[in-house]
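> Can you keep this structure in mind? I'll have questions shortly.
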Amino acid sequence: MTVPMTTTVETKTRSVVAELLRRIGQGDPERIAELYAEHGDWKLDWPEDEHGRAATPWIRHRATRADAAAHFRELAAHHVPGQADTRIERVLVDGADAVVLGEIRQTARSTGRPYRARFALHLTVEDGLIVRHHVYEDSLAVAQAFTP
């Protein structure tokens, strides 16, 4: 019996996404970035005029594997260590595309304010590497936590 190609693609996509979530949980930006293609499409669904602000520098579009590592370093630097949790509710896979649904719980280092933000993360995997990383999250909750 021959396994349909979409099943093989979906299995690979699911495997890469599971490994990404595992590495994010471990918190090593360099190891996380190894799962990203050298060049990719990384977008955050935030108002463009809010990208790269001093309080939230990780919130901006990215394009390279090095950018992916920088994102996770900046994210960690602006949150209180040990006061973070991510709840994954569902991972949906369709071919090379996956959507991760969940909620992040963090505490802003600059203000000490905790926050919760629901999110959807759309990933695309090609040749075992992530080529698309689009995040849709509750930007208001994040912005309010970082507002002095």
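The values are calculated or read from the model by the stated rules, or taken from the named source; none is laboratory data. Please read these numbers as outputs of a predicted model, since none were measured by experiment. Don't worry about glycine lacking a Cβ; one is built from the backbone with ideal geometry, like all the others, and counts go over all protein chains shown. Please note that ligands, DNA and RNA were not included when accessible areas were found on the heavy atoms of the full protein model with its side chains. Shrake-Rupley method; radii C 1.70, N 1.55, O 1.52, S 1.80 Å.
> Out of all the residues in the range 116-133, is one or more touching a residue at least 60 places away in the same chain (Cβ under 8 Å), at positive phi and in contact with an Asp or Glu (Cβ under 9 Å, 6 or more places away or on another chain)?
no
> Still on this model: Before we move on, is Ala120 open to solvent by 50 Å² or more (accessible area, probe 1.4 Å) and of a type in the set (Gly, Ala, Ser)?
Working: open to solvent by 50 Å² or more (accessible area, probe 1.4 Å): no; of a type in the set (Gly, Ala, Ser): yes.
So Ala120 fails the test.
> Looking only at the range 80-116, filter to residues that are modelled with pLDDT under 95 and under 17 Å from the mean Cα position of the chain (by Cα); which one of those is surrounded by the fewest Cβ atoms within 10 Å (Cβ to Cβ)?
Asp85
> Would you pick out the residues in the range 35-46 that are over 13 Å from the mean Cα position of the chain (by Cα) and surrounded by 14 or more Cβ atoms within 10 Å (Cβ to Cβ)?
First pass over the range 35-46, keeping only residues over 13 Å from the mean Cα position of the chain (by Cα): 37-40, 46.
Hits for the range 35-46 are Ala37, Gly40, Trp46.
> Read through the list (1) within 21 Å of Glu19 (Cα to Cα); (2) buried (at least 16 other Cβ atoms within 10 Å of the Cβ); (3) touching a residue at least 40 places away in the same chain (Cβ under 8 Å), then give the number of the only condition that Leu75 fails.
(3)
> Oh, and also: Taking the range 121-137 only, how many residues are touching a Phe, Trp or Tyr at 6+ places or on another chain (Cβ under 7 Å) and within 20 Å of Pro57 (Cα to Cα)? Walk me through how you get there before you give the answer.
Let us first name the residues in the range 121-137 that are touching a Phe, Trp or Tyr at 6+ places or on another chain (Cβ under 7 Å), namely 129-130, 133, 135-137.
Of the ones still in play, those that are also within 20 Å of Pro57 (Cα to Cα) are 133, 135-137.
The total comes to 4.
> Another question, if that's okay. Is there a residue being open to solvent by 90 Å² or more (accessible area, probe 1.4 Å) and among the hydrophobic types (A, V, I, L, M, F, W, C) anywhere in the range 53-65? Steps first, please.
Just the residues of the range 53-65 that are open to solvent by 90 Å² or more (accessible area, probe 1.4 Å), to begin with: 53-54.
Adding the requirement that they be among the hydrophobic types (A, V, I, L, M, F, W, C) leaves 54.
Yes.
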